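**Q** What follows is a structure written as structure tokens; I'll ask about it next.
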Amino acid sequence: MTTLARESTARESTARESTARESMARYVGHVMGMPISLAMRGRHAADDDGRAAWAEAMTVLRAVDLVFSTYRPDSVISRLGRGELLLADCPPEVAEVLELGEAAERDSAGAFSICRPGPAGWAELDPSGVVKGWAAERAAGPLRALAGTDFCLSAGGDLVCHTHDPDGRPWRIGIEHPRDSRRLVAVVPLRTGAVATSGSAHRGQHIVDARTGRAPSGIASVTVVAASLTDADIDATSAYAQGRDAATWLATRAGRAALVVWSDGSTTSVGGDAIT
């Protein structure tokens, strides 16, 4: 799990002074079975344009839920999985998501999959491992269009961040310790990009290695920083599914930084801009 971290004591005075000079607003919602929160600062953070962008972001996520929810029998993805629809009958974003899933399966040598074993032993279509990060990236579009405004959008704890000034004050992203949610294992300063964490701390062992059908061993969590949340989310899940091979595989992923927390509490940082 990732979250906005509090400023350190040494920086609190500066942060208060900066906040006083700029508008700051927070918004919270719930869709796709997860909490959605938004922190904005700058020109449109608390005005009608900012509120309209937040509403539009939530509208995007609700539309994604109608198409991709595996919990709704009437969703497009459920009907496609049951054979009631052909891919050609589906909205174009379905093919986009399935292509991302197929690429992730190839890149991970089969550890990641958009199919899961069904109750009768048949493979069931479930692109959830792609959809959350992909959907949050789409939802961030209206927020990026706000001039002079920074934002940090959280979708179930995975984050898309943006600062309008490339040299501006970064967002500080805290990475929860997978065994103790009261502690942070690291803090990532991030201006524009995305952070995703996969693990068993909040949802139990819901991620399996698709090659074996079993939960990975030796690993507690994987956090990935990338340019987009689509990439960060997929790679965090793919790496976690590989268990003890997670760090080795992540080292092959260009443009990523990552932190692996092992079952014994030790950590491995991966990437040129390593997370510490």
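**Q** How many Å² of accessible area per residue for segment 160-276, probe 1.4 Å?
**A** Heavy-atom accessible area per residue stands at 44 Å².
**Q** Could you tell me the extents of segment 154-222's C-alpha atoms along the three principal axes, largest first, rounded to whole Å?
**A** Per principal axis, max minus min of the Cα coordinates gives 46, 27, 18 Å.
**Q** Follow-up question, since we're still on this one. So if the hydrodynamic radius of the chain is defined as the Kirkwood radius over C-alpha pairs, what does Stokes-Einstein give as its diffusion coefficient at 20 °C and 1.002 mPa s, in µm² per second?
**A** 111 µm²/s
**Q** Separate question: So for Arg183, Arg256, Arg106, what's the accessible-area order with a 1.4 Å probe, most first?
**A** Arg106, Arg183, Arg256
**Q** Right, next: With a bin width of 5 angstrom, please list the P(r) values of segment 31-70 as percents of all Cα-Cα pairs, from the 0 bin to the one holding the largest distance.
**A** Each 5 Å bin holds this share of Cα pairs: 6, 22, 27, 18, 14, 9, 4, 1.
**Q** Compute the Cα gyration tensor for segment 64-207, then decide on rounded, prolate or oblate, letting a ≥ b ≥ c be the square roots of its eigenvalues: rounded whenever a/c is under 1.5, prolate when a/b is larger than b/c in the other cases, and oblate in all that remain.
**A** oblate
**Q** Here's a follow-up. Going by the alpha-carbon gyration tensor, a ≥ b ≥ c the square roots of its eigenvalues, is segment 157-276 rounded (a/c under 1.5) or, if a/c is not under 1.5, prolate (a/b greater than b/c) versus oblate?
**A** Prolate shape, in that a/c is at least 1.5 and a/b is the bigger ratio.
**Q** Same structure, new question: Near the amide H of Glu124, under 5 Å away, which other amide H atoms are found, from residues 5 or more places off or on another chain, if H is placed in the peptide plane?
**A** Placed amide hydrogens put Arg116, Gly118 under 5 Å from Glu124.
**Q** Quick one: the Cα spread of segment 188-250 along its three principal axes, in angstroms, biggest first?
**A** That works out to 37, 24, 18 Å along the principal axes.
**Q** Further, regarding this structure: Angle, helix 128-139 long axis vs. longest principal axis of the chain, Cα atoms, 0 to 90°, nearest 10?
**A** Around 40 degrees separate the two axes.
**Q** Something else about it: For the chain, which whole percent of the accessible surface, found with a 1.4 angstrom probe, sits on carbon and sulfur atoms?
**A** Solvent-exposed carbon and sulfur of the chain make up 50 percent of the total.
**Q** Round to the nearest 10 and give me the degree value, 0 to 90, for the angle of helix 92-107's Cα axis relative to the longest principal axis of the chain.
**A** 80 degrees
**Q** For the chain, take the longest principal axis of its alpha carbons; what is the angle in degrees between that and the long axis of helix 229-241, to the nearest 10 within 0 to 90?
**A** 50 degrees
**Q** Might you report the magnitude of the Cβ-based charge dipole of segment 119-198 about its Cα centre, with Lys and Arg at +1 and Asp and Glu at -1, to the nearest 20 debye?
**A** That gives segment 119-198 a dipole magnitude of about 240 debye.
**Q** Taking the Cα centre of the chain as origin and charging only Cβ (+1 Lys, Arg; -1 Asp, Glu), how large is the dipole, in debye to the nearest 20?
**A** My answer is approximately 760 debye.
**Q** Given 0.36 nm per residue, what is the gain on full extension from Ala95 to Ser181 after removing their alpha carbon distance, in nm?
**A** Once the chain is fully extended between Ala95 and Ser181, it gains 27.3 nm.
**Q** Ok, one more. Given +1 on the Cβ of Lys and Arg, -1 on the Cβ of Asp and Glu, and no further charges, what dipole in debye does segment 161-276 carry about its Cα centre, rounded to the nearest 20?
**A** Taking the Cα centre of segment 161-276 as origin, the dipole is about 240 debye.
The values are calculated or read from the model by the stated rules, or taken from the named source; none is laboratory data. Because the structure is a prediction, the values reported are computed rather than measured. No Cβ is skipped: glycine too gets one built from the backbone with ideal geometry, and neighbour counts run over all protein chains shown. The protein model used for the area step is the full one, side chains on, heavy atoms only, and it has no ligands, DNA or RNA in it. Shrake-Rupley method; radii C 1.70, N 1.55, O 1.52, S 1.80 Å.
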